[in-house]
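*Asks:* If you scroll down you'll find the structure; I have some questions about it.
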Amino acid sequence: MKQQLENIRQLSLEQIAQATTPAEIDDIRVRVLGKKGEVTAILKQMGKLSAEERPVMGALANEVREVVEKAIETKLEEIKKALMENQLVEEELDITLPGNEFEMGKRHPIQLVLDELKEIFLGMGFSVAAGPEVELDKYNFEMLNMPKSHPSRDTQDTFYITENIVLRTQTSPVQVRTMLNEKLPIRIIAPGRVYRADEVDATHSPLFHQIEGLVIDENITMADLKGTLEAFVKNMFGPETKVRFRPHHFAYTEPSAEMDMTCFKCGGKGCRLCKGEGWIEILGSGIVNPVVLESCGIDSTKYSGFAFGMGLERLTMMRYDIDDMRLMYENDMRFLSQF
Ligand code: DAH
């Protein structure tokens with residue numbers, strides 16, 4: 001039995017010395033010191049020994065166990081340390097390597113101009129309204145005094161969903177929705193996407209943006225329309241900017257006018273941008289047709305109002321001197337990062 005214990009001690013120590021992984025060490029621990037291990041097996045045979053031999057063998061067995069335990073512990077420490085060193089070498093960070101470049105986005109110029117415009121109109125007491133892009137023909141045309149056969153529909157090449165549902169061709173239906181649903185007085189702008197079956201070129205796109213404006217109250221006149229829109233333009237393009245109104249026709253306003261502003265580039269002298277005119281058209285407007293008021297349930301003998309609508313892309317192109325509308329839809333950072 002003594003010899004057995006000595007053998008266990010020697011063999012275990014040799015194996016421990018050769019082990020290189022924690023798993024190997026664990027195997028040795030189980031095999032030698034475990035509940036069904038070699039040392040335990042010997043201790044179980046102690047009963048066969050004489051009373052004198054027993055304590056001697058017991059002491060030796062304990063000694064062997066302690067020595068092996070200690071060797072295991074020491075070796076495990078060694079292996080862990082080696083593994084850690086290995087890992088440190090393998091995973092060493094090269095802090096001289098350049099990092100991954102992180103591209104920052106930018107606000108789109110259309111959004112910048114819209115934010116600026118909202119700020120100006122909010123400052124004049126307007127609030128912001130919205131309506132659906134898939135719209136009833138009734139709101140997009142009919143209630144704006146453009147019945148099915150009306151020739152002015154021809155200027156808006158419409159995408160039809162069904163005969164009575166269209167992609168809105170203008171933000172003007174928000175006027176109707178607001179008059180039908182909101183309390184008077186009304187003072188709103190309504191920015192949003194609109195759709196027309198147009199070919200893409202430098203100034204056209206089947207999807208573009210408009211901003212509608214509507215004011216309804218008692219005693220609203222053309223003077224309110226002119227004052228409001230002039231204040232807007234001077235705020236946006238500078239106090240030296242002048243405006244002029246030209247008579248025009250829109251079915252839902254009477255009288256109607258288009259507004260021009262002095263060319264922001266040449267200040268009115270005439271240049272390539274304004275085609276030598278000195279003026280640039282920026283919006284349509286007018287006094288809300290009483291027919292429209294009445295069909296929305298508003299008493300046109302008591303209330304009057306003005307409305308206007310403008311293209312946001314056009315405004316953005318002028319604000320930032322952009323000469324091709326397509327640039328605004330390409331999401332090219334070389335373009336977008338300039339604003
Ligand atoms: N809806 C018109 C268009 O798309 C623009 C417009 C003109 C809006 C006159 C108005 C207005 O509210 O009064 O061309």
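The values are calculated or read from the model by the stated rules, or taken from the named source; none is laboratory data. Everything quoted here is computed from the prediction, not taken from an experiment. Glycine also receives a Cβ, built like all others from the backbone with ideal geometry; neighbour counts cover every protein chain displayed.
*Asks:* Assess whether Ala17 counts as being assigned to a helix (DSSP H, G or I) and exposed (fewer than 12 other Cβ atoms within 10 Å of the Cβ).
*Replies:* Details: assigned to a helix (DSSP H, G or I): yes; exposed (fewer than 12 other Cβ atoms within 10 Å of the Cβ): yes.
In short, yes.
*Asks:* Sticking with this structure for a sec: Between Met310, Met259, which is modelled with pLDDT of 95 or more, out of contact with any helix residue (DSSP H, G or I) (no Cβ under 8 Å at 6 or more places or on another chain) and buried (at least 21 other Cβ atoms within 10 Å of the Cβ)? Let's see the steps before the verdict.
*Replies:* Details: Met259 fails: out of contact with any helix residue (DSSP H, G or I) (no Cβ under 8 Å at 6 or more places or on another chain).
Only one candidate passes the filter, namely Met310.
*Asks:* I'm checking my understanding of the structure. Among residues of segment 155-184 that are farther than 26 Å from Leu117 by Cα and of a type in the set (Val, Ile, Thr), which one is nearest to the ligand (Cβ to nearest atom)? Working first, answer last.
*Replies:* First pass over segment 155-184, keeping only residues farther than 26 Å from Leu117 by Cα: 155, 157-166.
Subset that is of a type in the set (Val, Ile, Thr): 155, 158, 161-162, 165-166.
Values: Thr155: 8, Thr158: 12, Ile161: 19, Thr162: 22, Ile165: 19, Val166: 13 Å.
Filtering segment 155-184 for residues that are farther than 26 Å from Leu117 by Cα and of a type in the set (Val, Ile, Thr), the one nearest to the ligand (Cβ to nearest atom) comes out as Thr155.
*Asks:* So which strands (runs of 3 or more DSSP E) are wholly in segment 185-274 and hold at least 3 residues that are within 32 Å of the chain's Cα centre (by Cα), farther than 19 Å from Pro290 by Cβ and within 12 Å of the ligand (Cβ to nearest atom)?
*Replies:* Values: elements: 186-195, 207-217, 243-250, 253-262.
Qualifying strands (runs of 3 or more DSSP E): 186-195, 207-217.
*Asks:* Sticking with this one: Of all residues being among the acidic types (Asp, Glu) and under 60 Å from the mean Cα position of the chain (by Cα) in segment 1-46, which is nearest to Ile72 (Cα to Cα)? Just the residue, please. So that I can check it myself, show each step before the final result.
*Replies:* Here is the first cut: in segment 1-46, the residues among the acidic types (Asp, Glu) are 6, 14, 24, 26-27, 38.
Now restrict to residues that are under 60 Å from the mean Cα position of the chain (by Cα): 24, 26-27.
Working: Glu24: 10, Asp26: 9, Asp27: 11 Å.
Applying the filter and picking the extreme gives Asp26.
*Asks:* While we're on this one: When Met318 is evaluated against the numbered criteria (1) buried (at least 18 other Cβ atoms within 10 Å of the Cβ); (2) modelled with pLDDT of 95 or more, which criterion, by number, is the only one it fails?
*Replies:* Result: Met318 fails condition (2) only.
*Asks:* Right, something else. Among the candidates Val194, Val134, which residue alone is more than 30 Å from Asp323 (Cβ to Cβ) and aliphatic (A, V, I, L, M)? Walk me through it before giving the result.
*Replies:* Working: Val194 fails: more than 30 Å from Asp323 (Cβ to Cβ).
Of Val194, Val134, the one residue that is more than 30 Å from Asp323 (Cβ to Cβ) and aliphatic (A, V, I, L, M) is Val134.
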